[in-house]
1. Sorting check: for 37-44, 68-75, which peptide has the highest mean count of neighbouring beta carbons within 10 Å, and how do the rest follow?
2. Using just the alpha carbons, could you tell me how many Å³ per residue the convex hull of the stretch 31-99 encloses?
Amino acid sequence: MTKEEKPGWKSIPRGGLILDAGNATQYRTGGWRVKRPVWNEDNCIHCLFCWVYCPDISITVEDGKMTGIDYDYCKGCGICAEVCPSKKKAIVMESEGQEER
């Protein structure tokens, strides 16, 4: 099933189908978010704390460096922004729908 073919969270029946370990990836659950993390690459020190602590595996990493956030699965919990040790904060939380900088 491709990313485009995956049903959104609204298609999950009450009580859910996300019962088995690993099957949550079959549903794009990012629509639950009220706030979204916004990553500023210039402020990032690539410590990967955000990747380690993200409960949704929404932080994308390549060659040992953060490359972005997968908003299809990010539920906006803010843990990534909270654990960011960068003095300038590489990840900040913004209201969903607010223009990205």
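1. In descending order of packing, they fall as 68-75, 37-44.
2. 82 Å³
Read-outs throughout are calculated quantities, based only on the coordinates presented, and are distinct from any laboratory measurement. Since we're looking at a predicted model, the values are computed, not measured. Cβ atoms come from the backbone with ideal geometry, glycine included; neighbour counts cover every protein chain shown.
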